[in-house]
Structure formats: C-alpha cells, structure tokens
C-alpha cells in the first residue's frame with residue numbers, strides 16, 4: 001500500500017518524505033521495498049505518530065529544505081491515486097496556491113480529495129498543525145488561494161479505512 005502511494009507521486013516531485021512510526025525502523029526494507037535505495041525518498045521516523053495527522057504534517061513540514069516551493073500532502077492509505085492525478089495537481093501549481101483535486105463520486109457529487117499541494121507561504125500554518133484533523137483548517141482559512149483541479153480519478157477519494165460511494 002505504501003509503495004503504491006509513493007509510486008503515484010515519486011516521478012512528479014523532487015523528493016518524498018515518508019512519515020512513519022519510529023518503531024517501523026526495522027521494517028523499512030519491507031515497507032519501502034526498492035524505494036529504500038531511491039535517493040529521492042527520505043523516511044521520517046516519528047517518535048509520537050499517535051499525536052495525529054496534523055501533528056505529522058507539521059513535523060514533516062518543519063523538515064523541508066529552505067528552497068522548497070511547496071509540499072504535496074499524500075496519504076499512504078489512499079493507494080489508488082493515479083500518477084496522472086498527481087501530475088495534474090503539480091501542473092496547476094504556482095506561488096501562493098493550494099491545489100486540490102476534485103472528482104465526481106458515484107452519487108454524482110463533486111468531492112475534494114488527495115494529494116493536496118500547498119505553496120511555501122502556507123508552510124508556517126502547516127508547521128503549526130496538531131491533532132488528527134489534518135490540514136482542513138489551512139484549507140478553510142485560505143479558500144481564496146485554492147485552485148481546484150477536476151480529475152476522473154476516484155482514487156483521490158478512496159481512503160482504504162473509509163467506505164466511499
């Protein structure tokens with residue numbers, strides 16, 4: 001599952017930070033497979049991952065290099081995202097933007113999904129996140145900066161932990 005999620009984005013971005021539990025250290029070869037030897041992939045082992053996805057995003061954002069233009073937030077439990085979707089998100093990126101993919105679900109409703117790309121100007125807000133609500137507050141507080149990209153990839157909605165229509 002993790003390797004599939006990495007595959008969807010690795011050729012679209014400059015580098016991938018894989019946020020993992022500290023106790024996954026011994027399992028890195030199994031979890032990352034061939035990606036372990038890929039210099040674009042950097043495991044980031046968290047001591048307290050149970051603090052929630054917001055805290056994990058914050059920690060990862062604080063580790064970004066000073067020349068990063070943006071951060072693409074991709075969830076490992078969404079392995080059905082297609083690489084062309086990640087490319088479409090990146091293709092619509094620019095300074096000051098948050099790029100969010102959207103698609104029509106089986107009920108005919110347009111829904112937002114992942115991965116989401118945040119420009120550098122949002123790093124401070126992302127680095128201040130905590131808890132388990134992810135980056136929803138950053139999206140909510142910056143609606144004027146969001147660019148929605150329509151895709152036909154329902155994988156952007158398919159979190160394997162949640163049933164989606």
(message) Only one of 8, 51 is over 29 Å from residue 152 (Cβ atoms) and touching a helix residue (DSSP H, G or I) at 6+ places or on another chain (Cβ under 9 Å). Can you tell me which?
(response) 51
(request) Those residues that are outside any helix (DSSP H, G or I) and touching a residue at least 40 places away in the same chain (Cβ under 8 Å), I need them from region 50-73; list them, please. (result) 52, 63, 64, 68, 69, 70, 71, 72, 73
(request) Scan region 88-102 for residues that are surrounded by 17 or more Cβ atoms within 10 Å (Cβ to Cβ) and at pLDDT below 95 and report the count. (result) 0
(request) For region 15-33, enumerate the residues that are in contact (Cβ under 8 Å) with a residue 24 or more places away in the chain and over 14 Å from the mean Cα position of the chain (by Cα). (result) 21, 22, 31, 32, 33
(request) Would you check if there is a residue in region 22-36 being at positive phi, surrounded by fewer than 17 Cβ atoms within 10 Å (Cβ to Cβ) and in contact with a helix residue (DSSP H, G or I) (Cβ under 8 Å, 6 or more places away or on another chain)? (result) yes
(message) Out of the residues in region 37-48 meeting the condition of being in contact with a helix residue (DSSP H, G or I) (Cβ under 9 Å, 6 or more places away or on another chain) and surrounded by 11 or more Cβ atoms within 10 Å (Cβ to Cβ), tell me which one is farthest from residue 125 (Cα to Cα).
(response) 38
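The values are calculated or read from the model by the stated rules, or taken from the named source; none is laboratory data. Source: prediction; values computed, not measured. FYI the Cβ positions are ideal-geometry reconstructions off the backbone, even for glycines, and counts take in every protein chain you see.
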